[in-house]
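See structure below.
The values are calculated or read from the model by the stated rules, or taken from the named source; none is laboratory data. Fair warning: this is a prediction, and the values are worked out from it, not measured in the lab. For neighbour counting, all protein chains shown are included, and Cβ atoms are generated from backbone atoms with ideal geometry for every residue, glycine included.
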Amino acid sequence: MKPPQNHRVVVTGMGTLNALGNSLEAYWSKLEAGESGISRITHCDPAAYPTQVAGEVKNFEPKDFVGAKEVRRMSRVSHLAIAAAKMAVSDAHLKFEPTLATRYGVVLGTGSAAFPEVEQGTHTLFSKGGSRLSPFFVPTILPNMCTAQVALQLGLRGYNSTVITACASGTQSIGDASEVIRRGAADVILAGGADASISELGLAGFCAMRAMSSHYNTEPHRASRPFDRDRDGFVPGEGAGILVLESLEHALQRQARIYCEVVGFGSSCDAYHLSDPEPSGAGIIAAMQQALESAEIEASEVDYINAHATGTKGDVAETVAIKQVFGEYAYQVPINSTKSMLGHTLGAAGGIEAVATILQMQHGIVHPTINLDNPDPECDLDYVPQHSRPLAIKVAMSDSFGFGGQNAVVIFKQYL
């Protein structure tokens, strides 16, 4: 039996598309400035629904990343995942050796998979009949297809997995992928998340749950309000965020630039409710503690937290959990919500927020939580309201929590 290994895992590349921009540079400039990417929905007509705003990816042309024929044979979520993956590989200056293809893998998280394509297929079925359904319908909508398409496009034949833990998917994919590299089962894995659920089907479904913001349709930039007293639900978003994870040995061998190290990961389930968080934060606490233990650090060593913070009742549960885990230090550690600017990208959120977290570590600046005008009295920590601030970040924690009580937490550390 092969002995267990414990390889260090580093981040050497990043790629993202989201409501703030389609490059690392555009994303960072708007994060730092505290700009909102929320606007009126254009992917469908939202007039009949109480929520009419979203964080859509703008000015994106799939044909810039995928052949014209292939574009028609895959979903929007696959388009976004492939684009972010190719950006990340380019950013890492990584060239894949075909003879080592089984050492390169992909682990991506997604939430709703292919709502727009399911909606379109259903329209075809009922208006034209089942015989008119595309032969690519099933392989387009399967949840694993964005992962499979990334592997296919880049020729990655190694470890491959799709994580579907709702809004925790992106963060859990990074944690899972790091564990695969740590035990020596892969040298390089592309990890993160992608989601593209903005469609009439997705809009109708979430509106029926009364989960989304509906009070700011005429002021989209004000709609996403994590931790604010006047928050009224999350704002839907779409996008992709992917990291290149490598074993330290592999990265050093090719003299790669190293952004940071993945040192901790925790995952748990509330086992409490389909959509509501457990009020005491017990599941979140467990995931945070696991991440700290695996990183072999104390809570007081965390310099910054990228919160899940969706603008729902979950903001209170997350605050409660942070206080429980961090004690009095909870009032000192800066916490922010990337979703305040780009909305909730569901299964992609953890990947996109991991990119934000690492960019903040690189620049020594914490981006603001915008729209935090009147803090909820139950949310009384330092959420970096309205304006960015300088901060040297050696250790950062990123949280993601999803429907079904899914919790995932990852910890990044400056590489030394």
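Things to note:
- Counting only residues that are of a type outside the set (Gly, Ala, Ser) and crowded, with 24+ Cβ neighbours inside 10 Å, segment 78-103 holds 3 of them.
- Counting only residues that are hydroxyl-bearing (Ser, Thr, Tyr) and in a helix (DSSP H, G or I), segment 67-93 holds 2 of them.
- Residue match in segment 23-35 (condition: without any contact (Cβ under 8 Å) to a residue 60 or more places away in the chain, closer than 22 Å to residue 349 by Cβ and of a type in the set (A, V, I, L, M)): yes
- Residue that is surrounded by the fewest Cβ atoms within 10 Å (Cβ to Cβ), among those in segment 302-316 that are more than 19 Å from residue 292 (Cα to Cα) and aliphatic (A, V, I, L, M): 316
- Of all residues in segment 398-416, those satisfying the criterion of being farther than 15 Å from residue 11 by Cα and either part of a loop (DSSP other than H, G, I, E, B) or free of Cβ contacts under 8 Å to residues at least 40 places away in the same chain (or both) are 403, 404, 405.
- Selection within segment 344-378 - small (Gly, Ala, Ser) and more than 18 Å from residue 15 (Cα to Cα): 364
- Residues in segment 188-221 that are at pLDDT below 95, on the phi > 0 side of the Ramachandran plot and surrounded by 15 or more Cβ atoms within 10 Å (Cβ to Cβ): none.
- Odd one out for residue 328 among (1) without any contact (Cβ under 8 Å) to a residue 24 or more places away in the chain; (2) surrounded by 24 or more Cβ atoms within 10 Å (Cβ to Cβ); (3) not hydroxyl-bearing (Ser, Thr, Tyr): (2)
- Filtered residues of segment 383-397 (kept if under 25 Å from residue 170 (Cα atoms), part of a loop (DSSP other than H, G, I, E, B) and not hydroxyl-bearing (Ser, Thr, Tyr)): 384, 393, 394
- Residue check for residue 364: surrounded by 20 or more Cβ atoms within 10 Å (Cβ to Cβ) and closer than 26 Å to residue 91 by Cα: no
- Condition check for residue 140: within 16 Å of the chain's Cα centre (by Cα) and farther than 24 Å from residue 39 by Cα: no
- Selection of first residues in segment 284-298 that are farther than 13 Å from residue 270 by Cβ and of second residues that are in a loop (DSSP other than H, G, I, E, B), restricted to Cβ pairs under 8 Å at least 6 apart or on distinct chains, gives the following pairs, ordered by first then second residue: 292/298; 292/302.
- Residues that are surrounded by fewer than 15 Cβ atoms within 10 Å (Cβ to Cβ) and at pLDDT below 95, drawn from segment 48-77: 67, 68, 69, 72
- If the condition is being of a type in the set (D, E, K, R) and on the phi > 0 side of the Ramachandran plot, then segment 107-123 contributes no residue at all.
- Only listed residue being touching an Asp or Glu at 6+ places or on another chain (Cβ under 9 Å) and either within 19 Å of residue 111 (Cβ to Cβ) or not hydrophobic (A, V, I, L, M, F, W, C) (or both), chosen from 308, 273, 344: 308
- In segment 243-278, of all residues being of a type in the set (Gly, Ala, Ser) and under 21 Å from residue 156 (Cβ atoms), the one that is surrounded by the most Cβ atoms within 10 Å (Cβ to Cβ) corresponds to 251.
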